[in-house]
Each structure stands twice: as C-alpha cells, then as structure tokens.
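*Asks:* Input: one structure, supplied below.
The values are calculated or read from the model by the stated rules, or taken from the named source; none is laboratory data. Note that this is a predicted model, so its numbers are computed, not measured. Neighbour counts run over all protein chains shown; Cβ positions are idealised from the backbone, glycine included.
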C-alpha cells in the first residue's frame, strides 16, 4: 500500500513537472517571438491604438472618429488604454507592454485549456498532450504580436466555457452568475459570441428537461447585464439611443462580395449606407446569382475560414515556430471536424457543448466577411475536442480487444 502511494506521488510529480515544462516552452516561444521580429500594425490595430490615446487625452470614445460613437464594443480599446496608462507611468513602450500582457493572458488560456481537457477526458496525459499542441500551434504565438482582439477575446471565452461547464455540473447560481459575467466580458471584446450562451443552455435543457436550467440561465443573463449595463448607459447618455452592442456593419457588407471581389459592380453603391448596400446585394445575389451566393455563403466561406492558419497582425522576418505547421493546422481542423460528428453520437456528454460552440460560431461567421483570424478563438476547442474524442475512441477499441482476448 505504501509503495502504491509513493508510486502515485511520483507520477503526480512527473505529471506536474511535464506541465511546467510545457508552460516554460510556451512562454519561451511567445517571448522570443515578440522580441525577435518587427511587428506590423494593421489598420484595425492603428485604430485601436488611436482610440486608446483619444480616451486618455480627450476623454471620449470614438472609433476612427473625432466624435463619440459605438462603432465597436469597448472591451479591447479599454484594455489597450489601460496598457498605455501603465506604460506611461513606467516609461515603457505601450505597444510592447500590450504584447507582453497578451503573452500573460495566452499563458492563462493554456492553463484553462488544460483544465477543460482534464475535465472532459478525465485523463492527465490527454490534458498534457492538448496543452502541448496548443502551446506550439503557431497562430497562438503569432497573435500575441497583434494589437487586436483575438488574445483577450479568447482568454475570456475559454474562461466562460470552463465556468459554464462547471455551472452545469453544480447547478450553482453563483457559478452561473460568474459564467454570465465572463460571457459579458467576452461580448465586450467580440460581441458575436453572445448567441453561444443561449445555444449551450438550450442543449442543457434538452439533456435534462429540468426547470433549474431556466433559473441558471437567468443568473447568467444577470451576469451579462451587470457587465454590459455601463456600456448601455454610456450609449444612452452620450448618443441618446439604446445600442446593445455596436453599430459596425462593414463586415456584414463585405461578406456579400463572393471571394472578396470588391469590384464586381453588382449594385450601385453611390450615396447608400453600408446596410442598404448589404440588403440590396443579398437580394440581387440570391435572386440573380443563386448558385454563386449559395456556395459562397456555405462552403466558400467555410473554406476561407478554416483552410489556412491565422498569421497574426503581420511581422518580419517570419517567425517559423515549427516545421510543417500547415500540416498541423490541417490535422487539427480535420480531426476536430470528425470529433464534432462523433460527439453527436453521445449527445448527453459535455463534449457536445464544444461541438455546438464550433458549429454556432461557424454559422455566425458565414454572415460576415471570412478571414483566417476569425477561426482563432475556436481553434482551442478543435484541439480539445479532437484529443478528448480520440482518447475516448482509444478506450472503446482497447476494451473491445480486451473482451475478445
């Protein structure tokens, strides 16, 4: 008995030592990347940086504007502004500080991915393998150099997923409230994730048919309201209207151009708003070019979303994290897609939640302009789902072989 306890203790030490080594490797790759390349600033990154300075110096919130607006939600601009304030006090470069803080957030995300995998697979080795793949997957390194929403949004989103599953396990109102707060924080950074909470609660009700699910949803919605209400009040006071999320419509309009051909001259855009152009292009496209638009709004955009990795905000020279990184990306996508299908065979397990999130977000993305960066926040779920489902299949095959022998 004593030997068994010593053996278990030894295995735990080895396990946590391996976890620590993976985190050290992940930190090394991220810091080396940030320090060893020249980082480009995309137009969105420039606008976030300008907005942060505008908030600090002039005291108003107006994305790419000299007057207040609600063009984008305020989560990431406030994050950048906070880094500007801290950097000024410490006499540091604010953009460099932002990148290092994003590295810290990405490390915390790795820890949450470990917890999520261990919760679903109930196996430490599978959790270590998942964290290792996530640690070396190039986009999760490159994204830290971009002054964009991906790292912060994924941090909050992974936190939400993990807490939501804990809330479902415990039926706790407190856990439900916390999951709602985390979803609210996610929405302040990337508002398109909001429908996920309703999808997950619908699945939970379908699994349990218990009225407590409805009560938990109300607590989660309270958490969202607590986070978003200052934004709503600001919009009502400053802009004199109720704006629940943001007024940006450009990605929706841009999504109506098949294969990003912005010079197709399908409709006259002169003197029209983005929403008017969007509606007119959808009507003309689906009535006069139904085959093209049906394909574009299904398989065409899905191919754009998942066929390639996200390369971050741009950097030079290219920081080559691992050889054959494209093959790793393809393997994650295809094994993850297979795991999504397999998860529906066991719809009462929590893995179906991850599959539902990926499907929901993929469908939402079909409405907008497809960019590789939009696959970033769900790629951790692809990795977790592929690894946990693979381990489950391995267990089933092993049990069958043992029964035969």
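*Asks:* For residue 299, are the conditions met, namely being loosely packed, with under 15 Cβ neighbours inside 10 Å, part of a helix (DSSP H, G or I) and modelled with pLDDT under 90?
*Replies:* On the way: loosely packed, with under 15 Cβ neighbours inside 10 Å: yes; part of a helix (DSSP H, G or I): yes; modelled with pLDDT under 90: no.
No: the conditions fail for residue 299.
*Asks:* Say we look at the stretch 180-204 and pick out the residues that are over 18 Å from the mean Cα position of the chain (by Cα) and buried (at least 16 other Cβ atoms within 10 Å of the Cβ); which of these is farthest from residue 220 (Cα to Cα)? Write out each step before concluding.
*Replies:* Kept after step one, since they are over 18 Å from the mean Cα position of the chain (by Cα), are these residues of the stretch 180-204: 201-204.
Add one more test, that the residue is buried (at least 16 other Cβ atoms within 10 Å of the Cβ), and what stays is 201, 203-204.
Numbers: 201: 10, 203: 15, 204: 14 Å.
The residue in question is 203.
*Asks:* Which residues, counting only those in the stretch 225-244, are without any contact (Cβ under 8 Å) to a residue 24 or more places away in the chain and part of a helix (DSSP H, G or I)? First the steps, then the outcome.
*Replies:* Residues of the stretch 225-244 without any contact (Cβ under 8 Å) to a residue 24 or more places away in the chain: 229-230, 232-233, 236-237, 240-242, 244.
The answer is 229, 230, 232, 233, 236, 237.
*Asks:* So for the stretch 137-159 (the condition being farther than 28 Å from residue 374 by Cα and surrounded by 22 or more Cβ atoms within 10 Å (Cβ to Cβ)), does at least one residue qualify?
*Replies:* no
*Asks:* Somewhere in the stretch 36-58, is a residue over 30 Å from residue 246 (Cβ atoms) and surrounded by 14 or more Cβ atoms within 10 Å (Cβ to Cβ)? Talk me through it step by step, then tell me what you get.
*Replies:* Step one: list which residues in the stretch 36-58 are over 30 Å from residue 246 (Cβ atoms), which gives 36-38.
Now drop any that are not surrounded by 14 or more Cβ atoms within 10 Å (Cβ to Cβ), which leaves 37.
Yes; the residues of the stretch 36-58 include at least one that is over 30 Å from residue 246 (Cβ atoms) and surrounded by 14 or more Cβ atoms within 10 Å (Cβ to Cβ).
*Asks:* Still on this model: State whether one or more residues within the stretch 383-401 are within 22 Å of the chain's Cα centre (by Cα), under 29 Å from residue 42 (Cβ atoms) and without any contact (Cβ under 8 Å) to a residue 40 or more places away in the chain. Working first, answer last.
*Replies:* Keep residues of the stretch 383-401 that are within 22 Å of the chain's Cα centre (by Cα), which gives 383-389.
Still in the list and also under 29 Å from residue 42 (Cβ atoms): 383-384.
Now narrow it down to the ones that are without any contact (Cβ under 8 Å) to a residue 40 or more places away in the chain: none.
No, that holds for no residue.
*Asks:* When you go through (1) within 25 Å of residue 203 (Cα to Cα); (2) loosely packed, with under 15 Cβ neighbours inside 10 Å one by one for residue 402, which number turns out not to apply?
*Replies:* Of the numbered conditions (1) within 25 Å of residue 203 (Cα to Cα); (2) loosely packed, with under 15 Cβ neighbours inside 10 Å, the odd one out for residue 402 is (1).
*Asks:* Please work out if residue 177 is touching a residue at least 24 places away in the same chain (Cβ under 8 Å), within 23 Å of residue 210 (Cα to Cα) and surrounded by fewer than 24 Cβ atoms within 10 Å (Cβ to Cβ). Lay out the reasoning, then the answer.
*Replies:* Details: touching a residue at least 24 places away in the same chain (Cβ under 8 Å): yes; within 23 Å of residue 210 (Cα to Cα): yes; surrounded by fewer than 24 Cβ atoms within 10 Å (Cβ to Cβ): yes.
Yes: the conditions hold for residue 177.
*Asks:* A further question on this structure: Any residue that is free of Cβ contacts under 8 Å to residues at least 60 places away in the same chain, in contact with a helix residue (DSSP H, G or I) (Cβ under 7 Å, 6 or more places away or on another chain) and buried (at least 16 other Cβ atoms within 10 Å of the Cβ) - is there at least one of those in the stretch 312-330?
*Replies:* No, the stretch 312-330 contains no residue that is free of Cβ contacts under 8 Å to residues at least 60 places away in the same chain, in contact with a helix residue (DSSP H, G or I) (Cβ under 7 Å, 6 or more places away or on another chain) and buried (at least 16 other Cβ atoms within 10 Å of the Cβ).
*Asks:* Looking at (1) surrounded by 15 or more Cβ atoms within 10 Å (Cβ to Cβ); (2) within 22 Å of residue 134 (Cβ to Cβ); (3) at pLDDT below 95, which is the only condition residue 14 fails?
*Replies:* That leaves (1) as the condition not met.
So that you can scan it fast, the table gives a plain yes or no per residue for (1) modelled with pLDDT under 90; (2) farther than 19 Å from residue 377 by Cβ; (3) under 21 Å from the mean Cα position of the chain (by Cα); (4) not in a helix (DSSP H, G or I):
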position: 246; (1), (2), (3), (4): no, no, yes, yes
position: 267; (1), (2), (3), (4): yes, yes, no, yes
position: 272; (1), (2), (3), (4): yes, yes, no, yes
position: 287; (1), (2), (3), (4): no, yes, no, no
position: 303; (1), (2), (3), (4): no, no, yes, no
position: 309; (1), (2), (3), (4): no, no, yes, yes
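*Asks:* Across the stretch 113-132, what is the number of residues that are within 25 Å of residue 373 (Cα to Cα) and assigned to a loop (DSSP other than H, G, I, E, B)?
*Replies:* Residues that pass the stated criteria total 0.
*Asks:* For a quick check of your reading of the model, give me the residue pairs whose first member lies in the stretch 96-110 and is touching a residue at least 12 places away in the same chain (Cβ under 8 Å), whose second is buried (at least 18 other Cβ atoms within 10 Å of the Cβ) and outside any helix (DSSP H, G or I), with beta-carbon atoms closer than 8 Å and at least 6 apart or on different chains.
*Replies:* Pairs found: 98/147; 99/39; 99/147.
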